[in-house]
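Just so it is clear, none of the values below were taken in a lab; they were calculated from the coordinates. Quantities reported herein were computed from a predicted structural model and do not represent experimental measurements. Reconstructed Cβ throughout: ideal geometry from the backbone, glycine too, with neighbour counts over all protein chains shown.
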Ligand code: GLN
């Protein structure tokens, strides 16, 4: 049996007895052994407990006992989401040996449904980056061409799902980190509305804008997983008490009569020609299915990168202050150090990008500059939110390329932070405005690399957003991963 199946297909195969959980997990582990030296998605594996768990679920199935709804599905988890007993490194030397004493809420929800956590996957250090090159453990590679970046920061999540090393993954998205690897690796990634999914157990980067989000090969799998991970959590006061929505129900409802706005500022300067053409093509395919596509203007997009990097860095600099080696941090043996030397030694365990962000964050928050930068950025954010509110009075969804360019070579842009920051131009609006956004694989570029399309909806409109994404998915017939 091929590993290239959707989560929903997995469930029916196991349910019908076509494959046992143990067989599927063993096949998955073989695949991981074959692929890892090429793509490097994983930081830490949990092979023995995965197999033990698989056997115990098989036993429950045979004995017709009650099982969780995920029936042993292999899932990978971004390594900034806490897993009890399995280290959570944030791809940082600082937390190289940190083992959380508890599971993040999303992880315990998956475990309750009998998912198998097959391992922890790579990211840019503390989720700061767009390529996964800033990992202390070395870069992940794009399975479509291993000389190319897989996107980031949840690169290990995108790679592990795309390279058939697991069925599903959870990533985190502060400014595009679920959608960027989804787009670059030809898989689906959703950034949910702020407050829909618990962040308890997610190591904080920029709390006011980030969400945990799923990555899968099919839109229907995202719906399946959202039914499990969404909802109020008493451990996270920012989660809302919305009525439970069934995201799987009516997924094939179509998009007849829906109005979709093509965001002009996300299609302009700096957008690769093939990417722009793919986006226009996606909008005409949606029109063929009965939607109406109209151009729409969101001029706050032009200020979004500056506002995002000001706010995200400010929050990062205060969040990362806790890594002082007293509570958390890298233990280098502190004997004999005087205070300043000690602090500077501890803090130098951070990599270059995290250091840059902390310095930038401290600067924009400092007396004298606070009003000029941080307050201004918050004003841009407020303006952006009101433009988004106005846009959704005119249209049901927004459409854009997920990433402005197709995947590029590893190392090509690593020394150019500004160029890397500008890659987030289309993704960060959803974070600053708190709205949901999804990247759907749409086509393959002339050089054989994936191009994804982004759809955005108003807050808590995930159900209709997934319907639209599903319709778009139905218009594509993409090849499977080439390796
Ligand atoms: N590229 C963005 C950043 O570096 C987004 C990262 C993320 O979403 N975690 O901040």
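Before moving on, here are some points about what is shown:
- Among (1) surrounded by fewer than 13 Cβ atoms within 10 Å (Cβ to Cβ); (2) assigned to a helix (DSSP H, G or I); (3) out of contact with any helix residue (DSSP H, G or I) (no Cβ under 9 Å at 6 or more places or on another chain) - the single one residue 327 does not satisfy: (2)
- Per the conditions (1) buried (at least 19 other Cβ atoms within 10 Å of the Cβ); (2) assigned to a helix (DSSP H, G or I), the sole criterion not satisfied by residue 43 is (2).
- Checked against (1) within 16 Å of the ligand (Cβ to nearest atom); (2) crowded, with 24+ Cβ neighbours inside 10 Å, residue 160 passes all but condition (1).
- Residue in segment 411-431 that is on the phi > 0 side of the Ramachandran plot, in contact (Cβ under 8 Å) with a residue 12 or more places away in the chain and surrounded by fewer than 19 Cβ atoms within 10 Å (Cβ to Cβ) present: yes
Let's see how each residue does on (1) away from the ligand (no atom under 16 Å from the Cβ); (2) surrounded by 21 or more Cβ atoms within 10 Å (Cβ to Cβ):
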residue	(1), (2)
302	yes, no
306	no, no
310	no, yes
316	no, yes
319	no, no
323	yes, yes
340	yes, no
347	yes, no
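- Filter pass, residue 51 being in contact with a helix residue (DSSP H, G or I) (Cβ under 8 Å, 6 or more places away or on another chain) and over 27 Å from residue 308 (Cα atoms): yes
- Condition met for residue 82 (out of contact with any strand residue (DSSP E or B) (no Cβ under 6 Å at 6 or more places or on another chain), farther than 30 Å from residue 478 by Cα and within 16 Å of the ligand (Cβ to nearest atom)): no
- Residue among 177, 169, 183 that alone is within 15 Å of the ligand (Cβ to nearest atom), assigned to a loop (DSSP other than H, G, I, E, B) and touching a residue at least 12 places away in the same chain (Cβ under 8 Å): 177
- Within segment 186-199, the set of residues being more than 15 Å from the ligand (Cβ to nearest atom) and under 17 Å from residue 142 (Cα atoms) comprises 186, 187, 188.
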